[in-house]
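The values are calculated or read from the model by the stated rules, or taken from the named source; none is laboratory data. The structure presented is a predicted model; accordingly, all values stated were derived computationally and were not measured. Cβ placement follows ideal geometry from the backbone for every residue including glycine, while neighbour counts extend to all protein chains displayed.
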């Protein structure tokens, strides 16, 4: 019992009938209920022994103290999960990106929006469904985003490109200009190859006629000479006009030697040897 308890008890016993002492007694009782503050060095000692006991349990018995479990929080507002999907909408089996392959972020985002269908009309549903198109390190990146760090689809798309876009797969106008038709390649195959390169030029904007002109410049020289006076509205128009049946595969001329017969004349008339006939 501390000093305050002793004093309070003595005063209450000394004057049990005096009203003023009752008020004082109540104050003393309230004071008694407050625990004595623990000195700072005692708290350090307690923390030391807690760590020491945990270390012994871990080393001797293999028991680890419980730690706080990780609680997942969506990077977008929780209200997005309450938004109803379109009527009779079935969540598609999205093509996934893992973040470690050659798939470009631009290709994945555009493919995801196409697969979303009607759900792509609302930003909230785009944000909510996007995690279903991620796997491995890409999904780990998504769940590690801070809580409420994604509010709009633009926020999520910007962060996705910033983290995973490397630019290695992106092509430029120089890649298109440098394409040339091979000697054993058909016009249609060349156009398909050029179209694949154009699809990877994400920041390049060309209309159909400009792209057809680029393709025409990459054709073999004898094809360009034959169709130089014509104009093409698109790649399809170019393939349609320049039929592979009309264009033979260009083969360079091979050098050849003409065989010539010759007679080696005998200089001496007295010789009995016959003249030698050879090929040159």
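Every residue, every condition in (1) modelled with pLDDT under 90; (2) touching a helix residue (DSSP H, G or I) at 6+ places or on another chain (Cβ under 6 Å), yes or no:
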position	(1), (2)
127	no, yes
131	no, yes
134	no, yes
143	yes, no
147	yes, no
152	no, yes
161	yes, yes
165	yes, yes
179	yes, yes
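Scanning the stretch 93-105 turns up one or more residues that are on the phi > 0 side of the Ramachandran plot, under 17 Å from the mean Cα position of the chain (by Cα) and surrounded by 17 or more Cβ atoms within 10 Å (Cβ to Cβ).
Residue 202 falls short on exactly one of the conditions (1) under 30 Å from residue 109 (Cβ atoms); (2) modelled with pLDDT of 65 or more, and that condition is (2).
Of the helices (runs of 4 or more DSSP H) contained entirely in the stretch 114-226, those carrying at least 3 residues that are surrounded by fewer than 15 Cβ atoms within 10 Å (Cβ to Cβ) fall at 136-143, 153-164, 173-177, 187-199, 208-217, 221-226.
Each row is one residue, and each column tells you yes or no for (1) closer than 16 Å to residue 161 by Cα; (2) modelled with pLDDT of 90 or more.
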{"site": "65", "(1), (2)": "no, no"}
{"site": "71", "(1), (2)": "no, no"}
{"site": "81", "(1), (2)": "no, yes"}
{"site": "107", "(1), (2)": "yes, no"}
{"site": "116", "(1), (2)": "no, yes"}
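Only one of the listed residues (194, 176, 219, 211) is over 20 Å from the mean Cα position of the chain (by Cα) and touching a residue at least 40 places away in the same chain (Cβ under 8 Å). That residue is 194.
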